[in-house]
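Notes follow the structure.
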Amino acid sequence: MIHRSPIRLLCLALGLLAAGLTRAHAATLTVPAQYPTIQAAVTAAASGDTVSVADGTYYENSLSTHGKALTIRSANGPAHCIIDGQQQGRVFVIQDGETSSTVLQGFTIRGGSGEYGGGVSIYSCSPSVVDCVLTGNATTNDGGGVYVQGGSPAFKGVRSAATARAGAAGSSWEGA
């Protein structure tokens, strides 16, 4: 005869309930249809999700994935989807251990500003940046368009132009 204690049954039931509450597949969150801003969608997303951004210009800065493995992509490429930091801060800051599973794809990133990396600042992370145009970003030190300190980010089809720096080029990498 098998004896089942009430505590064991309760633990089993809670475990099954928790397993049923987890998402079985990745979701696609849309901006602006579901979320008014890119950051709002990213904050609501879970690792494995995709944030799909409709055509338009989005005035945002200091965007962060907070370490989530997300794909953040435009619906129709950089000619149609612009993220403009309005010189109010860096547009993307990636610094929470992101890996190649974090993908930024298909944006024009402009109007970012910061001490390091006006457009995209990457610190000890390895995200993938794909088919993006970095333009009109400024910095007081290094990396007007992109600044990388540590990590091994991947860049594919990324173009950087018309960036400003108090001294040197539009992109800068330090360490590995």
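A simple spin-label model places the labels of residue 76 and residue 88 2.6 nm from each other, with each point 7 Å out along Cα-to-Cβ. Computed extension length for residue 161-residue 27: 44.9 nm, one decimal, from 0.36 nm per residue of separation with the Cα-Cα distance subtracted. Over every Cα atom in segment 26-171, the radius of gyration and the widest Cα-Cα span, Dmax, amount to 13.6, 44 Å. Computed over segment 90-160, the percent of Cα pairs more than 19 Å apart is 22. Sorted ascending by nearby beta carbons within 10 Å, beginning with the fewest, 123, 58 become 123, 58.
Coordinate-derived values only; no laboratory data. Computed from a predicted structure; not experimentally measured. Positions of Cβ are generated from backbone atoms using ideal geometry, with glycine treated the same way; all protein chains shown enter the neighbour counts.
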